[in-house]
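A short worksheet on the structure shown next.
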Amino acid sequence: MLLPYRELDCPHVDQISSDVWEFINQQTDVMTVSCLRKHFTWNFIDVRALIVGVTSLDAWFRSLGLRLRDVAATVTTSSKGLEPHKDEPPVVAKINFPVFNTRDTWNIWWDDHGREIARIQMLKPMVFNASITHGVEMGQNCTYPRVVLSCMFIKEPKHLLEIP
Ligand SMILES: [Fe+2]
């Protein structure tokens with residue numbers, strides 16, 4: 001049995017978020033009008049370019065013994081949020097890193113009977129169990145667009161979801 005999520009300590013989270021935000025705006029087309037027209041977009045980012053462009057993010061992952069394999073920026077532009085779903089197998093443990101406007105936005109997990117089992121506002125990075133039904137709810141006071149990095153690793157950090 002694995003936890004739905006676990007928040008991770010990241011002393012320089014605000015600086016890293018702002019570095020990633022700058023990278024996304026300057027070195028990708030994620031925030032272009034055509035991308036933003038979609039309601040909730042999953043945009044793969046060139047991992048090599050991200051590692052080189054935002055060394056602070058890679059350094060933090062390396063401090064956890066993790067090496068990035070794939071990264072996607074998820075962008076939410078409307079109050080609809082993200083419907084309950086499970087991610088495609090086989091990856092279970094991903095790390096979600098807040099980038100922009102995550103305040104008053106909520107990650108929620110449900111059991112197989114549709115009962116809510118966990119809910120958290122993503123102000124810190126978290127290891128995230130994508131095999132449990134989950135979604136995103138936008139609060140009354142959130143700001144758009146909301147941007148989060150979904151990070152997948154060469155060896156997935158399932159150990160961080162184990163119950164201590
Ligand atoms: Fe998901």
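The values are calculated or read from the model by the stated rules, or taken from the named source; none is laboratory data. Note that this is a predicted model, so its numbers are computed, not measured. As a convention, Cβ positions derive from the backbone with ideal geometry for all residues, glycine included, and neighbour counts pool all protein chains shown.
If you scan region 26-78, which residues turn out to be of a type in the set (Gly, Ala, Ser), at pLDDT below 90 and outside any helix (DSSP H, G or I)?
Kept after step one, since they are of a type in the set (Gly, Ala, Ser), are these residues of region 26-78: 34, 49, 53, 56, 59, 63, 65, 72-73, 78.
Next, only the ones that are at pLDDT below 90 stay: 34, 78.
Within region 26-78, 78 is the sole residue that qualifies.
Each row is one residue, and each column tells you yes or no for (1) buried (at least 21 other Cβ atoms within 10 Å of the Cβ); (2) at pLDDT 95 or above.
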position: 99; (1), (2): yes, yes
position: 103; (1), (2): no, yes
position: 118; (1), (2): no, yes
position: 129; (1), (2): yes, yes
position: 145; (1), (2): no, no
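Exactly one condition in (1) farther than 20 Å from residue 3 by Cβ; (2) touching a residue at least 60 places away in the same chain (Cβ under 8 Å); (3) within 16 Å of the ligand (Cβ to nearest atom) is not met by residue 81; state its number.
That leaves (2) as the condition not met.
Considering only region 113-164, state which residues are hydroxyl-bearing (Ser, Thr, Tyr) and either part of a strand (DSSP E or B) or touching a Pro at 6+ places or on another chain (Cβ under 9 Å) (or both).
In the first step, residues of region 113-164 are kept if they are hydroxyl-bearing (Ser, Thr, Tyr); the result is 131, 133, 143-144, 150.
Across region 113-164, the qualifying residues are 131, 133, 150.
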